[in-house]
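Since the structure comes first, as structure tokens, the remarks are kept for the end.
None of the figures in this text is laboratory data; all of them are computed from the coordinates on show. Values in this document were obtained by computation on a predicted structure and should not be read as measured data. Here the Cβ positions follow ideal geometry from the backbone for every residue, glycine too, while neighbour counts run over all protein chains shown.
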Amino acid sequence: MDDLMKLVKETNMAEPLKDTVAWRRYEQMRPRTEIAVDPSLYEEYSGAYETVDGTLSVVSHRDHRLFYRIVGQSDLEIFPESDTAFFMKALPVQITFELNQDRRVRNLTHHQNGWEDYAAKVDLGEVLDFEDEVQQRIKDQQPLPESERIVRRVIDEHARGEPNLENMSPALAVLADEQKEFIRDELEKAAALKALSFKGVSQDGLDVYDAEFENAKIEWGFAVARRGKISHLYLRPTL
């Protein structure tokens, strides 16, 4: 609730059309109430989904409970607030399902960070095969093809304050655009990049690098969706 009030104070909520992302974020952070629904619905919702940029997710059910995960990550339980709208308790994330006239799922929408990401239902077998490839990369600690070239490009773009938003998933692009000036200033303090070394593949399937600058050491991690766009990105100082 404190985060919600902070968002209201910092945003001009009187002009929603000028700040759609802020209004969505406000809506996504509000408290939600779990209700009871018929768990037989969960069979229809279960399966694999893909966004236009290639981000893959899987919905599954067991023991009358529904779970959602981005491929390569862990299952998180989602709780019903209506027959078609669900929310996470661990994060300010909501998942809604769109049904056709026959009550079959057409797509889902992932609501997070002020963004709404639409995903169509796709073949589960293909997605699980892709997930197996991610898990094998994690096991073998094998970076993505051209991984170092990608992270060098990302560092250079952020150092110039010009991240390539078109090459990111929509939700990540929103965050990158918001934080680009702060990151540019931090990289300006860090000065020139001196060395870059592959550290490994995280348990979430991100390629992780240690970057040594003249005045700082920063860890960078990123993941690429099936269609080539960066779906996850983080950086943090290291000792």
Mean separation of Cα contacts under 8 Å (at least 6 apart) over the residue count of the stretch 134-239, i.e. the relative contact order in percent, is 23
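Could you list the trypsin sites (Lys or Arg not before Pro) in the stretch 149-239 that lie in coil according to DSSP, counting only those with at most 15 other Cβ atoms within 10 Å of their Cβ?
Details: sites: Arg149, Arg152, Arg153, Arg160, Lys180, Arg184, Lys189, Lys194, Lys199, Lys217, Arg226, Arg227, Lys229; in loops: Arg160, Arg226, Arg227, Lys229.
Within the stretch 149-239, the qualifying trypsin sites (Lys or Arg not before Pro) (loop, at most 15 other Cβ atoms within 10 Å) are Arg160, Arg227.
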Along the stretch 69-74, Karplus-curve 3J(HN,Hα) (6.51, -1.76, 1.60; θ = phi - 60°) to the nearest Hz, with x for Gly and Pro, reads 8, 6, 3, x, 10, 8
Taking Cα atoms, the helix 170-190 axis meets the longest principal axis of the chain at an angle in degrees (rounded to 10) of 20
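If you take all C-alpha pairs in the stretch 141-237, what percent of them are over 20 Å apart?
Numbers: 1451 of 4656 pairs.
Of all Cα-Cα distances in the stretch 141-237, 31 percent exceed 20 Å.
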Rounded to the nearest 10 degrees, the helix 124-140 long axis (Cα) sits at an angle to the longest Cα principal axis of the chain of 30
Options [x] 23.2; [y] 19.5; [z] 19.1 for Kirkwood radius over Cα pairs in Å; the value derived from the coordinates is listed as [y]
Tilt, helix 20-29 to longest principal axis of the chain (alpha-carbon atoms), in degrees rounded to tens, equals 60
Other residues with Cβ under 13 Å from the Cβ of Lys139 give, with Lys and Arg +1 and Asp and Glu -1, a net charge of -3
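Given the pairs Lys89/Lys121; Lys139/Lys229; Lys180/Lys229, which are separated by over 21 angstrom at their Cα positions?
From Lys89/Lys121; Lys139/Lys229; Lys180/Lys229, over 21 Å: Lys89/Lys121; Lys139/Lys229.
Could you calculate, for the stretch 32-133, the ratio of the Cα radius of gyration to the Kirkwood radius, expressed as Rg to Rh? List each step's numbers first, then the result.
Working: Rg = 12.8 Å, Rh = 13.7 Å.
Result for the stretch 32-133 is an Rg/Rh of 0.93.
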Stokes-Einstein, Kirkwood over Cα pairs, the stretch 85-139, 10 °C, 1.306 mPa s; D in µm²/s equals 120
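Around Met168, under 10 Å between beta carbons, what's the net of Lys plus Arg minus Asp minus Glu among the other residues? Could you put the intermediate results ahead of the total?
Numbers: positive: Lys229; negative: Asp53, Glu166, Asp177.
That works out to -2.
Would you mind working out the magnitude of the charge dipole of the stretch 32-133 relative to its Cα centre, with +1 at each Lys and Arg C-beta and -1 at each Asp and Glu C-beta, to the nearest 20 Debye? Walk me through the numbers before you get to the answer.
On the way: 9 positive and 21 negative charges, 81 e Å.
My answer is approximately 380 debye.
State, as an integer percentage, the relative contact order of the chain based on alpha-carbon contacts under 8 Å between residues 6 or more apart.
Rounded, it is 15 percent for the chain.
Before anything else, pin down the relative contact order of the stretch 32-133: Cα pairs under 8 Å, at least 6 apart, normalised by residue count, whole percent.
Working: 188 pairs, mean separation 24.4, N = 102.
Reported relative contact order: 24 percent.
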Connecting every pair of Cα atoms under 10 Å apart in the chain and solving the GNM, the largest mean-square fluctuation among Ala192, Ala119, Ala223 falls on Ala192
Computed, not fitted: 222 nm per-residue ellipticity of the chain from DSSP H runs ≥ 4 (each -39500 (n - 2.57)), nearest 500, equal to -9500 deg cm²/dmol
A student applying the Cα gyration tensor rule (rounded when a/c is under 1.5; otherwise prolate if a/b is larger than b/c, oblate if not) would label the stretch 172-221 oblate
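Considering only DSSP states other than H, G, I, E and B, which trypsin sites (Lys or Arg not before Pro) in the stretch 97-143 qualify as loop sites with at most 16 other Cβ atoms within 10 Å?
Working: sites: Arg103, Arg104, Arg106, Lys121, Arg137, Lys139; in loops: Arg103, Arg104.
Hits after loop and neighbour filter: Arg103, Arg104.
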With +1 at each Lys and Arg Cβ and -1 at each Asp and Glu Cβ, the charge dipole magnitude of the chain around its Cα centre, to the nearest 20 debye, comes out at 300
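May I ask for the net charge around Leu41, where only other residues with Cβ less than 11 Å from the Cβ of Leu41 are counted and Lys, Arg are +1 while Asp, Glu are -1? Don't skip to the answer; put the middle values down first.
Details: positive: Arg103; negative: Asp38, Glu43, Glu44, Asp83.
Charge balance near Leu41 sits at -3.
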